[in-house]
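The values are calculated or read from the model by the stated rules, or taken from the named source; none is laboratory data. On a predicted model such as this, the values are computed, not experimentally measured, just so you know. Because the Cβ atoms are built from the backbone with ideal geometry, glycine has one as well, and the counts that use them run over all protein chains shown. For the accessible areas, the whole protein counts, side chains as well, though only heavy atoms, and no ligand, DNA or RNA atoms are used. Shrake-Rupley method; radii C 1.70, N 1.55, O 1.52, S 1.80 Å.
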Amino acid sequence: MRINIFGSTGVIGKKTLSLIDKHFPDLNVDLLCAKSNLKLLINQIKKYKPKYAFLHDHEKISKFDYKIGKTKFLNLDELKSFLLSSKSNLSLLAISGYKSLYFLENIIQNTDNLGIVSKEAIVSGGHIFKKKNFFNKTKIFPIDSEHFSLFELFNKINTKIKINRIILTASGGPFYKKKFDSLKNIKFEQAIKHPKWKMGYKNSIDSATLVNKCLELIEAHYLFDIPFNQMEVLIHPEALVHSIVEFDNYITQLNLFQNDMGIPILNFLCQSKTKYKFNDKKYLINRYTNLNFNDVKEDIFPIYKFFNNINKKKPENLIKFNIGNEFAVNLYKNDKIKYTDIYKIIKKVTSLNLYSSLNTIKDIIQYHEEVEKKLQNFKI
């Protein structure tokens, strides 16, 4: 059994490799891909001995031998050729941002099972996935806890039962009790301190602003064909219930498990047909007495109301919402804007008048680049 990992040096990639190391000794790592963390990638290569490796920041490897042991570094064209001429049992796509779309079509042709954590790829390309039967030969396995919980439930329930409503839960991040207007001077280091999850900085900031949940609503819409008017968000600070499904027979299903990304990753790795016994006591839930669920308050998370009012029938609006957020988070990370400016920028970018046909992955990538070009001289 073989696996390719796109985003091996990120939080999800590192967690996946540690679980393979501990529980799946027969799962061979064929390919490791990273953005720019060469030092960690080299350490991973030495430990897992993949056939190939890819670093997006290619200049970093131009100064030394293109091989480490038996592992060969690929350039972008070689990576695409490798994917098109080989076959993997599993692939993990854990690249943050829309640039994961650069790899998606080739990955689909290469793998039997795709674990996907890159919500931005689905947000930007979801409208064409079903139209073109994009995932016809590849089984999609969502790794985000909310979509994983829905995926597991929908695979087990009687499909004849009608669903009335889907609720995605949000922990609320580090500021869920604070008024948005009071957060102007919040520092980046404060915003990335998530109270429940260990995530990369992008997801941590998105959780703090609640943009993460807006993107997850889009993702759920595309992955499970759920109308937007049948979905909503509740604040659940304990982060144990990941989604709630209300059926038309008055039964409500709470999908609850520990706030540990190891759980969806383990379930994904089990697609390799490797036998694994789920007997780790730290994952067992025996007694929880305080489970709180609260409505999203506009004066704490104003982005949620703005998102609900967007015309979601136009894919370009959802893409601009996503681009505006990526752009704003990077500005905030580099100390060029205030925390509260993230919301203002998203609103302004989403209102940009820029249309494209958006019928192919190539169209979507070009649209992203056009919007980003417009943002070069952007002013709040």
Practice item. Name every residue in segment 225-270 that is among the small types (Gly, Ala, Ser) and in contact with a Lys or Arg (Cβ under 7 Å, 6 or more places away or on another chain), in order of residue number. Key: Ala239, Gly262
Practice item. Have a look at Lys338, Lys320 and point out the one that is among the basic types (Lys, Arg) and at pLDDT 95 or above. Key: Lys338
Check your understanding: Which of the residues spanning segment 242-254 are over 11 Å from Ile161 (Cβ atoms) and surrounded by 19 or more Cβ atoms within 10 Å (Cβ to Cβ)?
Key -> His242, Ser243, Ile244
Review point. Out of curiosity, is Ile157 surrounded by fewer than 23 Cβ atoms within 10 Å (Cβ to Cβ), at pLDDT below 90 and within 26 Å of Gln253 (Cα to Cα)?
Key: yes
Check your understanding: Is one or more of the residues making up segment 129-141 among the hydrophobic types (A, V, I, L, M, F, W, C), surrounded by 20 or more Cβ atoms within 10 Å (Cβ to Cβ) and not in a helix (DSSP H, G or I)?
Key -> yes
Review point. Does Ile108 count as under 18 Å from the mean Cα position of the chain (by Cα) and either open to solvent by 60 Å² or more (accessible area, probe 1.4 Å) or in contact (Cβ under 8 Å) with a residue 60 or more places away in the chain (or both)?
Key: no
Study note, to complete from the structure: Counting only strands (runs of 3 or more DSSP E) entirely within segment 1-93, those with at least 1 residues that are free of Cβ contacts under 8 Å to residues at least 60 places away in the same chain and either over 27 Å from Lys137 (Cα atoms) or touching a strand residue (DSSP E or B) at 6+ places or on another chain (Cβ under 9 Å) (or both) are 28-34, 52-55, 71-73
Review point. Among strands (runs of 3 or more DSSP E) lying entirely in segment 210-278, which contain 3 or more residues that are closer than 21 Å to Ile157 by Cα?
Key: 241-247, 252-256
**Study point:** Residues satisfying the stated conditions in segment 296-329, i.e. open to solvent by 70 Å² or more (accessible area, probe 1.4 Å), of a type in the set (S, T, N, Q) and in a helix (DSSP H, G or I)
**Key:** Asn308, Asn309
Point to revise | Options Phe293, Phe257; residue that is touching a Ser or Thr at 6+ places or on another chain (Cβ under 8 Å), surrounded by 13 or more Cβ atoms within 10 Å (Cβ to Cβ), hydrophobic (A, V, I, L, M, F, W, C) and at pLDDT below 90 | key: Phe257
**Study point:** Sole residue being open to solvent by less than 40 Å² (accessible area, probe 1.4 Å) and either at pLDDT below 90 or closer than 22 Å to Gly115 by Cα (or both), chosen from Glu146, Glu152
**Key:** Glu146
Point to revise | Members of segment 108-136 that are touching an Asp or Glu at 6+ places or on another chain (Cβ under 8 Å) and more than 24 Å from Tyr367 (Cβ to Cβ) | key: none
Review point. When Ala170 is evaluated against the numbered criteria (1) of a type in the set (Gly, Ala, Ser); (2) open to solvent by 50 Å² or more (accessible area, probe 1.4 Å); (3) in contact (Cβ under 8 Å) with a residue 24 or more places away in the chain, which criterion, by number, is the only one it fails?
Key: (2)
Practice item. Would you be able to say whether some residue in segment 60-76 is open to solvent by less than 10 Å² (accessible area, probe 1.4 Å) and closer than 15 Å to Arg2 by Cβ? Key: yes
